[in-house]
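J.: Got a structure for you, written out below as structure tokens; questions coming shortly.
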């Protein structure tokens with residue numbers, strides 16, 4: 001090195017920025033406060049605050065006669081929420097969310113496993129591109145595209161016809177509840193589109209979890225006599241579980257809250273998101289809309305608590 | 001007698017890379033067998049071939065007389081102690097140790113007892129309820145050992161098991177491993193890049209380089225009578241004498257090895273060979289002083305006991321050694 005300092009301690013930098021650097025170096029907590037303050041204020045006041053304000057609404061009720069909100073504490077709205085018609089909406093949505101989550105996890109795991117264990121270099125890039133690409137295009141365009149794919153004249157039906165399996169599709173559509181006139185107006189269709197749209201949110205966390213599992217644990221299990229199935233059950237699955245839970249939080253809560261997919265693809269029966277949309281809009285019943293909003297929050301809370309109790313986060 | 005592990009002309013090539021190239025070896029039952037070599041020499045791949053993590057691209061492997069190629073790791077009565085232990089982080093120590101018995105369908109109580117016995121054997125009784133993350137490196141090492149031994153393997157494979165331990169602990173574990181191996185009578189195959197470890201622990205050593213075995217023999221053989229320049233260099237820092245120096249000493253050989261501790265500084269006795277040269281460097285190593293002497297272009301290192309006087313740098317000295325300490329070897 002040709003440069004030599006004149007003194008062993010360099011002189012202070014001149015100017016305001018120099019003094020600021022020295023000050024922040026001496027008081028790192030101030031730096032932390034500056035960096036974290038604004039986002040925490042945003043999160044605390046605007047985000048959580050408005051959420052609480054919304055939840056508070058659910059403890060008011062609408063006056064049936066005037067249609068105005070009566071600002072007195074009451075459980076009337078919750079009684080309304082648990083009426084048969086509304087409770088059906090909750091059961092329907094939660095069932096859909098659970099099935100979508102389960103299937104997403106089953107489909108996502110092998111993809112994530114391949115990406116984490118085997119894909120290297122170029123193939124890893126292709127994997128990420130393949131997973132993320134659908135997220136870059138408009139959500140609405142994708143859903144309308146699916147409506148065409150699943151319609152009676154669509155490619156799905158066509159493929160079944162060409163394979164001489166149309167009887168299978170017809171038999172499926174003839175089933176009660178999950179069937180319908182065509183896939184695009186059945187719960188099966190809603191399910192397929194939900195799984196498609198949320199899949200990246202399941203694959204990526206599982207892939208991240210699997211990536212952290214050292215390869216020699218798989219070898220150790222095999223070395224100790226574990227068959228591939230045993231290795232999966234006792235080593236791979238428990239270690240991937242935090243990722244699966246993280247992914248399922250996405251797929252589950254996104255399905256619980258979505259109101260566009262079931263509106264475009266599926267039967268006319270409502271999901272929670274559609275109910276919220278209808279109640280706060282046309283029906284003007286903000287308290288009931290708020291009460292509907294509480295449902296996914298409570299469900300997610302219970303879900304996380306149960307997952308923790310079952311040891312889903314032990315491997316973290 | 002059938003060999004515990006038999007390699008016949010075994011190769012493992014990864015594309016153009018010949019990780020293991022036409023290796024023949026036979027590990028005798030009940031012996032402590034070390035595979036020694038620098039990284040990338042093929043020793044670990046050989047171990048993985050024995051464990052079943054790798055399959056040979058050529059040749060034949062037998063474990064106790066039974067063909068092993070094509071057999072998955074979980075069907076081999078061979079267990080491995082992994083380099084970084086590979087303990088299951090989500091299981092307690094007891095469940096880690098009992099894992100092999102669990103997947104084989106041994107009942108809960110029985111495997112619990114066996115696991116506790118195994119933990120006692122490695123001097124970790126009562127640690128069963130802890131998690132791997134709560135243990136020190138040395139303790140994890142012992143757990144890994146217990147986890148392998150609880151299955152009563154026919155062959156125990158150890159992949160640089162002491163590499164991550166500090167010196168004191170490593171020396172202690174070396175002794176313990178050796179004692180354990182003798183008392184259990186299980187065949188140990190041990191991979192290491194530390195020649196001291198191999199020499200002190202093994203009954204026999206295979207020295208690997210470039211995917212081939214350079215020399216296979218007892219520690220004394222390997223140390224005193226290296227057959228190739230590589231072995232002489234790698235197993236302790238031997239002096240390799242050139243053919244010119246050999247000729248000067250009246251020996252006809254392409255090259256010869258001479259151990260630093262076989263050389264003394266000072267006048268030669270009548271029956272000793274001698275060379276003279278200039279001291280070019282010296283360093284204090286505790287028990288010995290390491291003195292480098294330039295003998296007409298040939299650098300010879302002398303391990304001079306610390307109790308003896310050390311010549312100054314630049315001094316002209318006479319080196320002497322027994323004829324029997326000079327071992328002719330291949331020139332390469």
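J.: Once you place label points 7 Å from the Cα toward the Cβ at residue A:165 and residue A:139, how far apart are they in nm?
T.: Between residue A:165 and residue A:139, the label points sit 3.1 nm apart.
J.: Within the range B:276-293, which residues have the backbone N less than 16 Å from the label spot 7 Å out from residue B:309 along Cα→beta-carbon, could you tell me?
T.: Hits in the range B:276-293 for residue B:309 at 16 Å: B:279.
J.: Put a dot 7 Å past each Cα toward the Cβ at residue B:26 and residue B:64; how far apart are the dots in nm?
T.: If labels sit at residue B:64 and residue B:26, their model points lie 1.8 nm apart.
J.: Something else now. Please work out whether the range A:76-309 counts as rounded, prolate or oblate from its C-alpha gyration tensor, where a ≥ b ≥ c are the square roots of the eigenvalues and a/c under 1.5 means rounded, while otherwise a/b larger than b/c means prolate and anything else oblate? Present the calculation step by step, with values, prior to reporting the outcome.
T.: Values: a/c = 2.05, a/b = 1.37, b/c = 1.50.
Oblate is the answer for the range A:76-309, as a/c is 1.5 or above yet b/c matches or exceeds a/b.
J.: For the range A:144-183 and the range B:98-168, what is the separation of their C-alpha centers, rounded to whole Å?
T.: Taking the Cα centre of each part, the range A:144-183 and the range B:98-168 sit 56 Å apart.
J.: On to the next question. Quick check: from the Cα gyration tensor, does the protein assembly as shown come out rounded (a/c under 1.5), prolate or oblate?
T.: On the way: a/c = 2.82, a/b = 2.05, b/c = 1.37.
Verdict is prolate for the protein assembly as shown.
J.: Multiply the residue separation of residue B:175 and residue B:220 by 0.36 nm, subtract the distance between their alpha-carbon atoms, and state the gained length in nm to one decimal.
T.: On the way: separation 45, 0.36 × 45 = 16.20 nm, distance 1.83 nm.
Computed gain between residue B:175 and residue B:220 is 14.4 nm.
J.: Same structure again: Kindly provide the helix-only [θ] at 222 nm of chain A, computed as the sum of -39,500 (n - 2.57) over DSSP H runs of four or more divided by all residues, to the nearest 500 deg cm²/dmol? Walk me through the numbers on the way to the answer.
T.: Working: 16 runs with 214 residues, N = 316.
Theoretical 222 nm ellipticity from helices: -21500 deg cm²/dmol.
J.: Inside 10 Å of the C-beta atoms of B:91-99, what's the mean count of C-beta atoms belonging to other chains? Write down the numbers at each step before the final one.
T.: On the way: counts 5, 0, 0, 0, 1, 2, 1, 1, 9.
Mean partner-chain Cβ count within 10 Å for B:91-99: 2.
J.: Let me ask something else. Is the C-alpha gyration tensor of the range B:237-329 telling us rounded, prolate or oblate? Criteria: a/c under 1.5 is rounded; beyond that, a/b larger than b/c is prolate, otherwise oblate. Can you show the working numbers first?
T.: Numbers: a/c = 1.66, a/b = 1.63, b/c = 1.01.
In terms of gyration-tensor shape, prolate.
J.: How high is the FRET efficiency between residue A:114 and residue B:261 when r is their beta carbon distance and R₀ equals 60 Å, given to the nearest 0.05?
T.: 0.60
J.: Next question, about the same structure. Under the Kirkwood approximation for Rh and a Cα-based Rg, what ratio Rg/Rh is obtained for the range B:5-232? Show your work: numbers first, answer last.
T.: On the way: Rg = 17.5 Å, Rh = 18.0 Å.
A ratio of 0.97.
J.: If one computes the Cα centroid of the range A:41-72 and of the range A:274-312, what distance in Å separates the two points?
T.: Their Cα centres are 14 Å away from one another.
J.: Residue A:99 label point, 7 Å along Cα→Cβ, cut-off 11 Å on backbone N: hits in the range A:184-206?
T.: A:186-192
J.: Counting only helical runs of four or more DSSP H residues, what would the 222 nm mean residue ellipticity of chain B come to if each run contributes -39,500 (n - 2.57) and the total is spread over all its residues?
T.: Numbers: 9 runs with 90 residues, N = 332.
That comes out to -8000 deg cm²/dmol.
J.: Here's a follow-up. Could you give the nm distance between label points at residue A:31 and residue A:148, where each point is 7 Å from its Cα heading toward the beta carbon?
T.: 5.4
J.: So, in Å, what gap is there between the alpha-carbon centers of the range A:95-143 and the range B:234-281?
T.: 68
J.: Taking R0 as 51 Å, what FRET efficiency do you get between residue A:229 and residue B:120 from their Cβ-Cβ distance, rounded to the nearest 0.05?
T.: Details: r = 32 Å, r/R0 = 0.63.
For residue A:229 and residue B:120, the calculated efficiency is 0.95.
J.: On to the next question. Contour minus end-to-end for residue B:109 and residue B:183, with contour as 0.36 nm per residue of separation and end-to-end as the Cα-Cα distance? Please report the intermediate quantities before stating the final value.
T.: Working: separation 74, 0.36 × 74 = 26.64 nm, distance 2.60 nm.
Taking residue B:109 through residue B:183 to full extension adds about 24.0 nm, to one decimal.
J.: Between residue A:66 and residue A:9, what length comes free when the chain is fully extended (0.36 nm per residue of separation minus the Cα-Cα distance, one decimal in nm)?
T.: 12.7 nm
FYI, it's all coordinate maths here, none of it is from the lab. As the structure is a prediction and not an experimental result, all values here were calculated from the model. All Cβ positions, even for glycine, are placed from backbone atoms using ideal geometry, and neighbour counts span all protein chains on display.
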